[in-house]
Amino acid sequence: MAVLPIRKYGDDVLRLPARPVAEIDAALQTLIDDMIDTMYAAPGVGLAANQVGVSQRVMVIDLSVGKRAGECHVFINPEMIDATGEITEEEGCLSIPDFVEVVTRPERVKLRYQDRTGATREMWGEGLMARAMCHEIDHLNGTLFVDHLRGLKKDRILKKIAKLARSGMWG
Ligand code: NI
């Protein structure tokens, strides 16, 4: 169990589509435990493996941030198989700390994935869970929430990040 450094916007690994997990072995179980520790320490409600520098299709979500038993979900090789509705809310990302912006996402999404025992499962998420599912799947595809922004909102965030990077306060 370990808290890993979280890669920040600008790190190439965040832009690489993550590879499917071929085998659920001891190394993967360790990675999952470390990802959960890292998510709770941040603190955050979700984390994708490429955010800790591992290009594999694994993500974890716990809307209670470890406060309530049974709310930590591990998704291996997740696929979105259904989505309904639309909702626009503020969203942030551990790889883009201290920035939030509104992003439109489906209101309900259904994922098919493997759990950490290797069993194939399906799960509907609604509201914040649906948002987290979409956000983390985006990560596994090399997409960040700022990619959904347009125009001035996008320019403003990217300029502020560039300024932080120049002053050595990023990454
Ligand atoms: Ni994120």
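Since every read-out is calculated from the coordinates, none of them should be taken as a lab result. Source: prediction; values computed, not measured. Note: ideal-geometry Cβ built from the backbone for every residue, glycine included; neighbour counts use all protein chains shown.
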Problem set entry | Approximate spin-label separation Ser55-Ile81, in nm, with each point projected 7 Å along Cα-to-Cβ | 2.8
Seminar exercise, completed: Inter-part gap, Cα centre of region 1-21 to Cα centre of region 84-140, in whole angstrom, is 17
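At a Förster radius of 25 Å, what calculated FRET efficiency corresponds to the Cβ-Cβ distance of Ala69 and Leu4, to the nearest 0.05?
Using R0 = 25 Å, I get an efficiency of 0.60.
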For this session: Calculate how large, on average over all directions, the projected area of the Cα convex hull of region 1-46 is; give the answer in nm² to one decimal.
Result: 3.8
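Exposure proxy check: Met80, Met133, Met35 ranked by fewest other beta carbons within 10 Å?
Met80, Met35, Met133
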Seminar exercise, completed: On the formula 1/(1 + (r/R0)^6), with r taken between the Cβ atoms of Arg112 and Lys153 and R0 of 35 Å, the FRET efficiency rounded to 0.05 is 0.60
Problem set entry | Whole-Hz couplings from phi, Karplus 6.51/-1.76/1.60, listed for region 139-145; x for Gly and Pro | 3, 5, 9, x, 10, 10, 4
Exercise. Can you give the Rg to Rh ratio of the chain, both from alpha-carbon atoms, with Rh computed by the Kirkwood formula?
Worked result: 0.95
Exercise. Expressed as an acute angle from 0 to 90° and rounded to the nearest 10, what is the orientation of the C-alpha long axis of helix 26-41 relative to the principal long axis of the chain?
Worked result: 50
Exercise. Got a sec? Charge dipole of the chain, +1 on Cβ for Lys and Arg, -1 for Asp and Glu; which of Val65, Met169, Ala83 is way out at the positive end?
Worked result: Met169
For this session: Compare the Cα positions of Ile24, Ile96, Gly118 along the charge dipole of the chain (+1 at Cβ of Lys, Arg; -1 at Cβ of Asp, Glu; about the Cα centre) and return the one farthest towards the positive end.
Result: Ile96
Seminar exercise, completed: Counting sequence-distant residues (5 or more places) and residues on other chains, those with an amide H built under 5 Å from that of Phe99 are Cys93
Exercise. So how strong a dipole does the chain carry about its Cα centre when Lys and Arg Cβ are +1 and Asp and Glu Cβ are -1, to the nearest 20 debye?
Worked result: 640
